[in-house]
Amino acid sequence: MPPLSPPAFRRLQVYAFDPSASTDLRTATMNAAVVKVPWENLAPGPVGEYVEVIDVDPASDAFYEPVDLNSPELLAQDGFPPSEGNPLFHQQMVYAISMTTIRNFERALGRRVLWAHRWARSDPAAYKGREYIPRLRIHPHALREANAYYSPKKRALLMGYFRATGDNIGTSLPGGTIFSCLSHDIIAHEMSHAILDGMHRMYLEPSNPDSLAFHEAFADVVALLQHFTMPEAVMNQISKLRGDLSQRSLLSNLATQFGQATGNYGALRDGIDKVDPATGLPDAGAILDISEPHARGAILVAAVFDAFVTIYRSRVADLIRMVTGDGSRFPEHDLHPDLVNRLTTEANKTAGHVLRMCIRALDYLPPVDITFGDFLRAIVTADADLVADDNHGYRIAIVEAFRRRGIYPRDCRSLAVDSLLWQQPDEDANINWLDGIDLTYMESREAVWRQAIDNAATFYGLLRDRSRFSSDTLRKMGLSLRDGAPKTIRRSRSSGEPVFDVQSMRTTRRIGPNGEDLPQLVVEITQERRGFSDRALQDQADSDGRASRGSDFVFRGGCTLVIDLHSRSIRYIVGKDIESASRLDAQRRFLFERDSESLGSTYFALGSREEPFAFLHRNG
């Protein structure tokens, strides 16, 4: 008998949304869902290649027995059935949704997910001063409070539990126990924070009103669009909505049980925003007055969900036309089951496309000072790179949805799709400056991580060799590598020249819809500059390097290079100029010149810098 190959997937039962949907007769049957996660050999916990579930409750000093998902009894029945009272199911739930989220990121990015490393210069076992983090730890019962967050300090997800309010709100028992580890949305949201932190470490720094809001909004977008990976749940809601996904429902809500249990009369957040009844449009000026990260991020989430609904309606217009005679008007009567199935398929496909568009855009963002406008340009550029023909108008729908909410990119001539593409070098850059970069395919994640560190060191040397890049290209990168640069830019102690850091180097290999191969190298380069709250002091330090006191904040610039490995040339430069006076002034105003106590300086407080998401989620 030939040896048996391991299965491709492991099937595990989960809540499609959260336990509240199982106490409502209209949604109970679809809330017990089964997800397929990539097969891997698991130790009890579960402990796999990417995550390690450790179930200790510090508040009660309890240690819960780890679940063994390799048990024949559990393999035969797709794991434990959903249960609020079974800690073993809690462990199964966080593992299943975490791996679902990781799989969605890897499919879109075309590479393995890596967690943010730790600096460990004094550890002889560290690799070039860095400690490799093989697994993200997940603690299902870490906090006895209405909170859950990703901890950059611990490289862990800390999930909380708490007692619901005594009010009769929603379907939860007043005063009953609510577990954040049983919410699909909360798990996906926190896992997205962890993955994003592994890619863009500087996004934890508040440099403008969008920076912290982007982290929250992007995590919500992932959680929201992952709803559509649950076919039974989508089918149930599409039947109830008669196909119209622009209506509020479980599919547009985020963390319904958590929101109700903390005193809200609805979900914690919603992907559909308010519109003016007269015009049917959202308030495009609202973004000018909103600075709280969750509220500001909700504008970006609503823009992405609006684009998704627009694309979905376009894709199903022919199906609806056969029922109503009008492709823009959904039926007022119950839908035939066959039509529900077809609409479910289109919703699932569209959500998957939009989710991958948003995730791929992460490789086309600047390494610092992220704005919502940058994200719009990154989505459009990344999609145009991979999908030449936008037959369904995905990119136009995205641009329109952002425009309707007042989200505009800087330094663009218009909102035409071709104007939003990131800048390309004017000169032909296909010289052999990639020699020495190791592009060998690595199987293990640790080997990929080590290769990226070695390649970053090699690229640093290439960049220091002025003959490899023209002065014009270096300036377009936003780098200051010449005499006459502001004295506040971090400089080498030995030479006095401005220095820079190659933050990361990621190799991707994506496959387009027609089977075309798109291998790329993504390089992030940054520089630092001392910033002062007093503008006169800034000017003095910039000119002569001296200041009467220490700096007040760090100002960063740099770029992301998207390199085409077929032509061996720079495809795009996504730059943030380190010498930009306007950006420096904008960051200073954000941090120190607000009417009330500065939001930015509040987040720069020691506690919030060490655990920014603990601070954000407790206060939002």
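The values are calculated or read from the model by the stated rules, or taken from the named source; none is laboratory data. Since the model is a prediction, treat every value here as computed from it, not as a measurement. Neighbour counts run over all protein chains shown; Cβ positions are idealised from the backbone, glycine included. Accessible surface areas use protein heavy atoms only, side chains included; no ligands, DNA or RNA. Shrake-Rupley method; radii C 1.70, N 1.55, O 1.52, S 1.80 Å.
Yes or no, residue by residue, for (1) in contact (Cβ under 8 Å) with a residue 40 or more places away in the chain; (2) out of contact with any Asp or Glu (no Cβ under 7 Å at 6 or more places or on another chain); (3) open to solvent by less than 50 Å² (accessible area, probe 1.4 Å); (4) farther than 20 Å from Ser504 by Cβ:
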| site | (1), (2), (3), (4) |
| --- | --- |
| Ile370 | yes, no, yes, no |
| Asp374 | yes, yes, yes, no |
| Ala384 | no, yes, yes, yes |
| Val399 | no, yes, yes, yes |
| Phe459 | yes, yes, yes, no |
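If a residue has to be under 12 Å from Arg242 (Cα atoms), free of Cβ contacts under 8 Å to residues at least 12 places away in the same chain and polar (S, T, N, Q) to count, how many in the range 325-348 make the cut?
Count: 0.
Cβ contacts < 7 Å: first residue free of Cβ contacts under 8 Å to residues at least 40 places away in the same chain and over 22 Å from Gln226 (Cβ atoms), restricted to the range 36-57; second residue among the β-branched types (Val, Ile, Thr) and assigned to a strand (DSSP E or B), any location; separation 6+ or different chain. Result?
Pro44/Val67
Kindly list, by first and then second residue, each pair from a residue in the range 111-130 that is of a type in the set (Asp, Glu) to a residue that is open to solvent by 50 Å² or more (accessible area, probe 1.4 Å), limited to pairs with Cβ atoms under 7 Å and residues at least 6 apart or on different chains.
Listed by first residue and then by second, the contacts come to Asp123/Glu131.
Considering only residues that are over 19 Å from Asp383 (Cα atoms) and in contact with a helix residue (DSSP H, G or I) (Cβ under 7 Å, 6 or more places away or on another chain), look in the range 408-425 and name the one that is most open to solvent (accessible area, probe 1.4 Å).
Only one residue tops the list, namely Arg413.
Of the residues that sit in the range 482-512 and are in contact with a strand residue (DSSP E or B) (Cβ under 9 Å, 6 or more places away or on another chain) and of a type in the set (Gly, Ala, Ser), which one is farthest from Ala116 (Cα to Cα)?
Out of the qualifying residues, it is Ala485.
Within the range 221-248, track down each residue that is open to solvent by 10 Å² or more (accessible area, probe 1.4 Å) and under 24 Å from the mean Cα position of the chain (by Cα).
Taking the range 221-248 as the starting set, the residues that turn out to be open to solvent by 10 Å² or more (accessible area, probe 1.4 Å) are 229, 231-232, 235-236, 239-242, 244, 246-248.
If the condition is that a residue be open to solvent by 10 Å² or more (accessible area, probe 1.4 Å) and under 24 Å from the mean Cα position of the chain (by Cα), then Thr229, Pro231, Ser246, Arg248 are the ones that fit.
Just to be sure, is Leu157 surrounded by 24 or more Cβ atoms within 10 Å (Cβ to Cβ) and either part of a strand (DSSP E or B) or touching a His at 6+ places or on another chain (Cβ under 8 Å) (or both)?
yes
So how many residues does the range 554-597 have that are of a type outside the set (A, V, I, L, M) and either buried (at least 21 other Cβ atoms within 10 Å of the Cβ) or under 25 Å from the mean Cα position of the chain (by Cα) (or both)? So that I can check it myself, show each step before the final result.
Within the range 554-597, the first condition is being of a type outside the set (A, V, I, L, M), and the residues that meet it are 555-560, 564, 566-569, 571-572, 575-577, 579-580, 582-583, 585, 587-590, 592-597.
Now drop any that are not either buried (at least 21 other Cβ atoms within 10 Å of the Cβ) or under 25 Å from the mean Cα position of the chain (by Cα) (or both), which leaves 555-560, 564, 571-572, 575-577, 583, 587, 590.
Going through the range 554-597 one residue at a time, the tally reaches 15.
For Asp197, are the conditions met, namely being under 17 Å from Phe17 (Cβ atoms), of a type in the set (Asp, Glu), part of a helix (DSSP H, G or I) and touching a strand residue (DSSP E or B) at 6+ places or on another chain (Cβ under 9 Å)?
Here the answer is no, as Asp197 does not meet what is asked.
May I ask you to list the residues in the range 420-441 that are within 25 Å of the chain's Cα centre (by Cα) and at pLDDT 85 or above?
Answer for the range 420-441, where residues must be within 25 Å of the chain's Cα centre (by Cα) and at pLDDT 85 or above: Leu420, Leu421, Trp422.
Based on this model, can you work out whether His294 counts as surrounded by fewer than 23 Cβ atoms within 10 Å (Cβ to Cβ) and part of a helix (DSSP H, G or I)?
Here the answer is yes, as His294 does meet what is asked.
If you check Leu251 against the conditions, is it more than 17 Å from the chain's Cα centre (by Cα), free of Cβ contacts under 8 Å to residues at least 60 places away in the same chain and outside any helix (DSSP H, G or I)?
In short, yes.
Restricting to the range 11-66, count the residues that are assigned to a loop (DSSP other than H, G, I, E, B) and touching a Pro at 6+ places or on another chain (Cβ under 6 Å).
If we filter the range 11-66 for residues that are assigned to a loop (DSSP other than H, G, I, E, B), which is where we start, we get 16-18, 24-27, 39-42, 44, 46, 48-50, 54-55, 58-61, 64-66.
Checking the rest, the ones that are also touching a Pro at 6+ places or on another chain (Cβ under 6 Å) come to 39, 44, 55, 64, 66.
So the answer is 5.
Mind listing just one residue for me: the one in the range 468-494 that is open to solvent by less than 70 Å² (accessible area, probe 1.4 Å), farther than 14 Å from Gly575 by Cβ and assigned to a loop (DSSP other than H, G, I, E, B) and, of those, modelled with the lowest pLDDT?
Ser470
Can you name the condition, by its number, that Glu443 falls short on among (1) open to solvent by less than 70 Å² (accessible area, probe 1.4 Å); (2) of a type in the set (D, E, K, R); (3) not in a helix (DSSP H, G or I)?
Only one criterion is unmet by Glu443, namely (1).
Out of Ile178, Ile133, report the one residue that is in contact (Cβ under 8 Å) with a residue 60 or more places away in the chain, touching a strand residue (DSSP E or B) at 6+ places or on another chain (Cβ under 8 Å), of a type in the set (A, V, I, L, M) and open to solvent by less than 70 Å² (accessible area, probe 1.4 Å).
Of Ile178, Ile133, the one residue that is in contact (Cβ under 8 Å) with a residue 60 or more places away in the chain, touching a strand residue (DSSP E or B) at 6+ places or on another chain (Cβ under 8 Å), of a type in the set (A, V, I, L, M) and open to solvent by less than 70 Å² (accessible area, probe 1.4 Å) is Ile178.
Six or more apart or on different chains, Cβ under 8 Å: which pairs go from a residue in the range 212-227 that's on the phi < 0 side of the Ramachandran plot and in a helix (DSSP H, G or I) to one that's modelled with pLDDT under 95 and among the hydroxyl-bearing types (Ser, Thr, Tyr)? Could you list them?
Listed pairs, sorted by first residue: Leu212/Tyr603; Phe214/Tyr203; His215/Tyr203; Leu224/Ser252.
Inspect all residues belonging to the range 119-138 and state whether any of them is at pLDDT below 95, small (Gly, Ala, Ser), within 29 Å of the chain's Cα centre (by Cα) and within 26 Å of Leu521 (Cα to Cα).
Yes.
How many of the residues making up the range 67-107 are outside any helix (DSSP H, G or I) and farther than 27 Å from Ser172 by Cα?
Number satisfying all stated conditions: 5.
For the range 199-219, which positions are charged (D, E, K, R) and either touching a helix residue (DSSP H, G or I) at 6+ places or on another chain (Cβ under 6 Å) or surrounded by 23 or more Cβ atoms within 10 Å (Cβ to Cβ) (or both)?
Answer for the range 199-219, where residues must be charged (D, E, K, R) and either touching a helix residue (DSSP H, G or I) at 6+ places or on another chain (Cβ under 6 Å) or surrounded by 23 or more Cβ atoms within 10 Å (Cβ to Cβ) (or both): Asp210, Glu216.
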